[in-house]
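The values are calculated or read from the model by the stated rules, or taken from the named source; none is laboratory data. Small disclaimer: the values here were computed from a predicted structure and weren't measured. Cβ sites come from the backbone with ideal geometry, for glycine too, and all protein chains shown count toward neighbours.
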Amino acid sequence: MPDLKKTLTDKVVLQLPLSTDGQYIVRDTELPGFFVRVGARTKTFTVQADFRTDGKRVTKKISIGSSEDMTTREARVAARAALVKILQGEFKEPPKVEVKPSSEITLREAWVRYKVAHLERKRRSPATIAGYTDHVERLLADWLDRPLRELGEEPSLVAKRHDDLTVSSGPYGANGSMRTLRAIYNHARRSVRGLPPENPVTAVDWNEELRRDVAMGSADIAGWMTQAGRLRNAIRREFHLFTLLSGSRPTALKTARVPDLDLSGRILRITKPKGGEKKAFDIPLSRAMICCLIRAMRVSRMLHAEAAETWIFAADSEEGHIVEQKEDRDNVLAKWGNDLRHTYRTLGQAAGLSGVDMHLLMNHSLKGENVNEGYITRSKLLDDHLRSAQQRLSDHVIAAGTAPPKDGSPRERAWPLLPSRKIGDERLDPTPPDPRLGVPMGPRTQKPRSAEAA
């Protein structure tokens, strides 16, 4: 249908019949370039004009709005403003960006995709993401703008980089960075055609990685208990003890919250373990573990009242909870962190717990075990079987840690059998107060000296 011309008014536009075949246009006789486009369902005010760019004439068309949403007068005013902008070149198309072949994707681009699509979308823990980031943005920083295709075509570059990193960053750091590069390359190949099919990391001769021999045996626990009992920060003391009694990863325990503790159900919910929120699980609590947590919360309320409303192991940190658990191994505490997780597994064997029970208590997957064990549902064993196993292991640890010295001399302190109300007791728990905290504990001072701890 040829274009129609009319002086557009609300009445004229209202009387225009909807199209039964495609669209037709009715141009305004008063304002050149202003018209209404009539379709099968709607009538849309539109403006069109030409402008010149780089010596060429370009036509630009802009929709103003529907006749149902605005009057003809309003549309005409908006059309005049749009015409001015078109003639001034404000709607000039941006220059086309040269698109490089997908096979030219750089390590930086592939890393960003992998980080967002794989790590963040699958809710990997911040520590895991930080580890990958360190590998790529520090150890492989000079390769960030290098096309992955070049690495795929010259795997000898990757092998040499692994050799260099073994010298500069150690065998574990070199292996870790190559595992990260391997994962990024494999992820990129799913969506980028043209990359060499064989992962260049296959050229690496991996460094041998030996499992650290850091666990304590039953005979070592008493000495460790004495060291831990002398810690001047009672919250850290309880944190280390709970790490030993639970076998949990320290990173997950640092963020244990008061609402995650169910004393009536005798469980502590770990909401963000290694592997992210989808791996959340419940730790069955023995009597010793409950006493440990109660002591930690009591001291937290005394020293960090506000943070203690949220965090079990509160601290004077920006986050409000313990952030760094490291101790001086030579002068303060010989074993901490994952050393205690290894010890938990070792003492579990000494206490007679089965391998399957230890897998379940430590929230390890049963994949790789026999087919029958793959059918086990952990939650159905939590309230009775696993809690009994946990109690058995805790009893073994506490008995080993509180046994009287072989020479017949008395134990140095009663901890970790100490009731929470006796923390800081001059006789039972003569732990000197840390002057940095500014808050002596126990009956020696009836009230905290700082307003923060009140």
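Inside region 164-196, can you point out the residues that are farther than 26 Å from residue 129 by Cβ, in contact (Cβ under 8 Å) with a residue 40 or more places away in the chain and out of contact with any Leu (no Cβ under 9 Å at 6 or more places or on another chain)?
Result: 193, 194.
Can you tell me which condition residue 284 does not meet? The list is (1) in contact (Cβ under 8 Å) with a residue 60 or more places away in the chain; (2) farther than 23 Å from residue 346 by Cβ, and all the others hold.
Only one criterion in (1) in contact (Cβ under 8 Å) with a residue 60 or more places away in the chain; (2) farther than 23 Å from residue 346 by Cβ is unmet by residue 284, namely (2).
Report yes if some residue within region 87-106 is under 30 Å from residue 183 (Cβ atoms) and modelled with pLDDT of 85 or more; otherwise report no.
yes
Regarding residue 239, is this residue farther than 19 Å from residue 394 by Cα, crowded, with 16+ Cβ neighbours inside 10 Å and of a type in the set (Phe, Trp, Tyr)?
no
Conditions: (1) touching a Ser or Thr at 6+ places or on another chain (Cβ under 8 Å); (2) surrounded by 14 or more Cβ atoms within 10 Å (Cβ to Cβ); (3) in the same structural domain as residue 175 (by TED's automatic domain parsing); (4) not hydroxyl-bearing (Ser, Thr, Tyr). Residue 253 meets all but one. Number of the miss?
(3)
Here is a check on your reading of the model: is residue 268 closer than 27 Å to residue 218 by Cβ and in contact with a Leu (Cβ under 6 Å, 6 or more places away or on another chain)?
Considered against the rule, which asks whether it is closer than 27 Å to residue 218 by Cβ and in contact with a Leu (Cβ under 6 Å, 6 or more places away or on another chain), residue 268 comes out as yes.
Confirm whether residue 214 is within 28 Å of the chain's Cα centre (by Cα) and farther than 30 Å from residue 358 by Cα.
For residue 214, the condition - within 28 Å of the chain's Cα centre (by Cα) and farther than 30 Å from residue 358 by Cα - is not met.
If we keep just the residues of region 190-233 that are at pLDDT 90 or above, β-branched (Val, Ile, Thr) and surrounded by 16 or more Cβ atoms within 10 Å (Cβ to Cβ), which is farthest from residue 110 (Cα to Cα)?
This residue is 221.
Of 333, 241, which residue is in contact with a helix residue (DSSP H, G or I) (Cβ under 7 Å, 6 or more places away or on another chain), under 28 Å from residue 222 (Cβ atoms), in contact (Cβ under 8 Å) with a residue 60 or more places away in the chain and part of a helix (DSSP H, G or I)? Walk me through it before giving the result.
Numbers: 333 fails: part of a helix (DSSP H, G or I).
Residue meeting the stated conditions: 241.
Which condition number does residue 125 fail, the rest of (1) modelled with pLDDT under 80; (2) surrounded by fewer than 18 Cβ atoms within 10 Å (Cβ to Cβ); (3) not acidic (Asp, Glu) being met?
Of the numbered conditions (1) modelled with pLDDT under 80; (2) surrounded by fewer than 18 Cβ atoms within 10 Å (Cβ to Cβ); (3) not acidic (Asp, Glu), the odd one out for residue 125 is (2).
Which number in (1) hydroxyl-bearing (Ser, Thr, Tyr); (2) within 21 Å of residue 118 (Cβ to Cβ); (3) surrounded by fewer than 19 Cβ atoms within 10 Å (Cβ to Cβ) marks the one condition that residue 177 misses?
(3)
Of a type in the set (Gly, Ala, Ser) and within 21 Å of residue 210 (Cα to Cα): does that describe residue 152?
Working: of a type in the set (Gly, Ala, Ser): yes; within 21 Å of residue 210 (Cα to Cα): no.
When the stated conditions are applied, residue 152 does not pass them.
Residue 145: modelled with pLDDT of 90 or more, surrounded by fewer than 17 Cβ atoms within 10 Å (Cβ to Cβ) and in a loop (DSSP other than H, G, I, E, B), yes or no? Give the derivation first.
Numbers: modelled with pLDDT of 90 or more: yes; surrounded by fewer than 17 Cβ atoms within 10 Å (Cβ to Cβ): yes; in a loop (DSSP other than H, G, I, E, B): yes.
So residue 145 fits the description; yes.
Go over the candidates 36, 12 one by one and state the one that is surrounded by fewer than 16 Cβ atoms within 10 Å (Cβ to Cβ), of a type outside the set (Ser, Thr, Tyr) and touching a helix residue (DSSP H, G or I) at 6+ places or on another chain (Cβ under 9 Å).
Within the list 36, 12, the selection yields 12.
Got a number for residues in region 14-48 being in a strand (DSSP E or B) and not polar (S, T, N, Q)?
Matching residues across region 14-48 total 13.
Considering each of 403, 350, 389 in turn, give the residue that is crowded, with 16+ Cβ neighbours inside 10 Å and at pLDDT 65 or above.
Working: 403 fails: crowded, with 16+ Cβ neighbours inside 10 Å; 350 fails: crowded, with 16+ Cβ neighbours inside 10 Å.
Exactly one of 403, 350, 389 is crowded, with 16+ Cβ neighbours inside 10 Å and at pLDDT 65 or above, namely 389.
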